[in-house]
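Visitor: Below: one structure in structure tokens.
The values are calculated or read from the model by the stated rules, or taken from the named source; none is laboratory data. Remember, it's a predicted structure, so these values are computed and weren't measured experimentally. Every residue, glycine as well, gets a Cβ built from its backbone with ideal geometry; the counts of neighbours run over all protein chains shown.
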Amino acid sequence: MGTNAEQAWSVYQRAELIYSRDEINLALDLIAKDISQTLSESDPLVLCVMTGGLMTASEILLRMDFPLEVDYIHATRYGLETQGQKLKWIASPRKPLVNRNILVIDDILDEGHTLEAILNFCREEGASSVYSAVLVQKEHDRNTGLKKADFTAMSVPDRYVFGFGMDYKGYLRNIPVIMAAHRDDE
């Protein structure tokens, strides 16, 4: 049985603040600067990984002042669960990736399976170069997929985190801060 809005609100009220909106803004400023230094002359195609990467991608894009194109990709392992399942492809980019410089933006790098599969897909589609950017990377040693993104704004403890695009069982993506669920809610 899934989580409802009332249960999600209870989780939010018991959660611990990990990063404030000001701390997130500062980290986004820095990551956008790093990305701009690397990609501003390369006519990149930015792929937002839906749905979690939506807020991160929009915030980073607003901080980059150079020509680029935007599309999206949607692959997930989680659905409405808190632990991964088999990778499910929902949407591939509409724009061709052949001979393009690609930047894939997602919300979190946890074990790395989903992002690694997306990056491999981009390479298989003929991209010239493929970069990854994430808002947060989880601090643990369980990475059995991609170990590190090319650009990472912040790290988070090995807890169930939500907010700023990351969800708690389908809810709370819209919270403008990053929270960690109480251990009883993980």
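Visitor: For residues that are closer than 19 Å to Leu39 by Cα and basic (Lys, Arg), scanning just the range 115-164, find the one that is modelled with the lowest pLDDT.
Guide: The qualifying residue modelled with the lowest pLDDT is Lys148.
Visitor: Further question on the same structure: Which of the residues spanning the range 117-132 are hydroxyl-bearing (Ser, Thr, Tyr) and within 12 Å of Pro44 (Cβ to Cβ)?
Guide: Ser128, Ser129, Tyr131 - these are the residues of the range 117-132 that are hydroxyl-bearing (Ser, Thr, Tyr) and within 12 Å of Pro44 (Cβ to Cβ).
Visitor: Quickly run through the range 2-28 and pick out the residues that are without any contact (Cβ under 8 Å) to a residue 40 or more places away in the chain and of a type in the set (A, V, I, L, M).
Guide: Leu26
Visitor: Could you please give the count of residues in the range 43-66 that are buried (at least 17 other Cβ atoms within 10 Å of the Cβ) and more than 16 Å from the chain's Cα centre (by Cα)?
Guide: Residues flagged as buried (at least 17 other Cβ atoms within 10 Å of the Cβ) and more than 16 Å from the chain's Cα centre (by Cα) within the range 43-66 amount to 3.
Visitor: Here's a follow-up. Taking the range 112-139, which residues are of a type in the set (D, E, K, R) and either buried (at least 19 other Cβ atoms within 10 Å of the Cβ) or in contact with a Gly (Cβ under 6 Å, 6 or more places away or on another chain) (or both)? Spell out the reasoning first.
Guide: Filtering the range 112-139 down to residues of a type in the set (D, E, K, R) leaves 116, 123-125, 138-139.
Scanning the range 112-139 gives Glu116, Lys138.
Visitor: Let me ask something additional. Does the range 2-18 contain at least one residue that is aliphatic (A, V, I, L, M) and exposed (fewer than 15 other Cβ atoms within 10 Å of the Cβ)?
Guide: Narrowing the range 2-18 to residues aliphatic (A, V, I, L, M): 5, 8, 11, 15, 17-18.
Those left that are additionally exposed (fewer than 15 other Cβ atoms within 10 Å of the Cβ): 5, 17.
The answer is yes; a qualifying residue exists.
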